[in-house]
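The values are calculated or read from the model by the stated rules, or taken from the named source; none is laboratory data. If you're wondering where the values come from, they're calculated on a predicted model, not measured in any experiment. Heads up, the Cβs are rebuilt from the backbone with ideal geometry, glycines too, and the neighbour counts pull from every protein chain shown. Side chains are part of the model used for accessible areas, which takes the heavy atoms of the whole protein and leaves out ligands, DNA and RNA. Shrake-Rupley method; radii C 1.70, N 1.55, O 1.52, S 1.80 Å.
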Amino acid sequence: MSDYLVKALAFNGDIRAFAVDTTEMIKEAQRRQGTLPTASAALGRAMTASTMMASMLKGEKNKLTVKIEGDGPIGVIIVDANMNGDTRGYVSNPLVHFDLNKHGKLDVARAVGRNGHLSVVKDLGMRDKFTGQVPLVSGELGEDFTYYFVSSEQIPSAVAVGVLVNPDNTILASGGFVIQVMPGAQDEMITFIEKRLENLDPVSKMIEAGHSPEQLLHNVLGEENVKILETSPVQFKCTCSRERFADAIISLGVEEIESMIQEDGKADAKCHFCNESYHYTKEDLEKLLTEAHEENNG
Ligand code: ZN
């Protein structure tokens, strides 16, 4: 079944909630990048949280980039997501795997590192950008996104994200939810939700058991309290193309392209996000060189 995201309100609008199944999205990311299980979990959690964060954007062309830079062996995690549900992401070192942690879960904090920061750049069109950055609080990522919402956007939130991996390293289940408390919400309701969150199964387990995004929210908030507002597809989607990489080569400038032609007689580019390769022959490069000359003169 294809992945989708739901947006909901609960308790007469005092709670805003999001839930998403990203199993197919993270399957595709894992397949393309060959990530080992702990790296897959880190990437999957980051992509899942970013997908939900992007669905909160208003304005059609808006998108965001999440960058997580910890001091763990995975290096940097980069995720691009837009409000159409298109998400792509990568980690600098996909070949990271550790034994399960003491809770029997993939040890994401060890892969990401506990020191570092999480930053979000929202591209709101018209060259309008919003940047928020917070220090990492645990490296488990769910808690780090929670802290980001609370600290950078001043929205009390609970973020749960999880990924389960098969013995052959493919993805078994992935997804998450975000619960946000709007101003004026009653303390009793917040306590009610906190209690339910404490007794909840891990989100990846619920998805593995076949729970839909709607059901995830029912489990957290109580079915009678939830009003689903919107359902929309989400997917792994990369924006790279042969033309975009050609533009990047042109922007290197005349001298750089001339030396590529003389030294290698070709150029190869690989997209970090989707692992697609693009090859440019000497003739291709000569065309790009002409364009670079024209740009200089124009
Ligand atoms: Zn790509």
key: Low-density loop positions, trypsin sites (Lys or Arg not before Pro), region 60-112 - DSSP coil, at most 14 other Cβ in 10 Å   = K61, K102
ask   = At a 1.4 Å probe radius, carbon and sulfur cover how many percent of the accessible area of the chain?
value = 48
ask   = When the chain is treated as a GNM, springs tying every alpha-carbon pair under 10 Å, which of N12, N62, N275 comes out with the largest mean-square fluctuation?
value = N12
request  = Based on the mean of other Cβ atoms within 10 Å per residue, sort peptides 152-159, 176-183 so the most packed one is first.
outcome  = 176-183, 152-159
ask   = Where does each of 282-295, 123-136 land if you order them by average Cβ count within 10 Å, highest first?
value = 282-295, 123-136
ask   = Tell me, in nm to one decimal, what length is gained between Q154 and N101 on full extension, where the rule is 0.36 nm per residue of separation less the Cα-Cα distance?
value = 15.9 nm
Amide H contacts of L136 (H built 1.01 Å from N, under 5 Å, at least 5 apart or other chain) = G116, H117, L118
task = Would you mind checking which residues have amide H under 5 Å from G175's amide H? H placed 1.01 Å from N; only 5 or more apart, or other chain.
result = T22, G162
Point-charge dipole on Cβ atoms (K/R +1, D/E -1) for region 4-236, about Cα centre, debye to 20 = 600
request  = Round to a whole angstrom and tell me the spacing of the C-alpha centers of region 218-259 and region 49-103.
outcome  = 11
request  = Considering Cα pairs under 8 angstrom that are at least six residues apart, work out the relative contact order of region 242-297 and quote it in whole percent.
outcome  = 38
task = Can you check what the net charge comes to around Q33, using other residues whose Cβ is under 13 Å from the Cβ of Q33 (Lys, Arg +1; Asp, Glu -1)?
result = +3
request  = Determine the per residue accessible area of region 242-297 with all protein chains present and a 1.4 angstrom probe, expressed in square angstrom.
outcome  = 67
request  = Give the total of Lys-Lys pairs in region 4-236 with Cα-Cα distances below 14 Å; include a pair only if its members are 8 or more places apart or on different chains.
outcome  = 10
ask   = Assuming R0 = 22 Å, what is the FRET efficiency of E263 and S241, from their Cβ-Cβ distance, to the nearest 0.05?
value = 0.30
query = What do you get for Rg/Rh of the chain when both radii come from the Cα atoms and Rh is the Kirkwood radius?
reply = 1.04
inquiry  = Before I look further, what does region 4-236 give for accessible area per residue, probe 1.4 Å, in whole square angstrom?
reply    = 45
task = Let me know the charge dipole size of region 149-298 about its Cα centre in debye, to the nearest 20, where only the beta-carbon of Lys, Arg (+1) and Asp, Glu (-1) is charged.
result = 600
query = Rounded to the nearest 500, what is the chain's calculated 222 nm mean residue ellipticity when only DSSP H runs of at least 4 contribute -39500 (n - 2.57) each, over all residues?
reply = -11000 deg cm²/dmol
task = Considering only A246, A173, A39, give the residue with the highest GNM mean-square fluctuation for the chain, with springs between Cα atoms whenever their separation is below 10 Å.
result = A246
Whole-number percent relative contact order across the chain, with pairs defined as alpha carbons under 8 Å at least 6 apart = 22
inquiry  = From Cα pairs below 8 angstrom and at least 6 apart in sequence, can you work out the relative contact order of region 16-136, rounded to a whole percent?
reply    = 27
task = Apply the Karplus parameterisation 6.51 cos²θ - 1.76 cosθ + 1.60, with θ equal to phi minus 60°, to every residue of region 83-89 and state each ³J(HN,Hα) to the nearest whole Hz, in sequence, with x for glycine and proline.
result = 7, 8, x, 8, 9, 9, x
query = What's the FRET efficiency of E214 with R31 using the Cβ-Cβ distance as r and R₀ = 25 Å, to the nearest 0.05?
reply = 0.35
query = Around H97, which amide H atoms from residues at least 5 apart in sequence, or from another chain, sit under 5 Å from its own amide H, with H modelled in the peptide plane?
reply = none
Under 14 Å from the N275 label point (7 Å along Cα→beta-carbon), backbone N, region 77-106 = 89-96
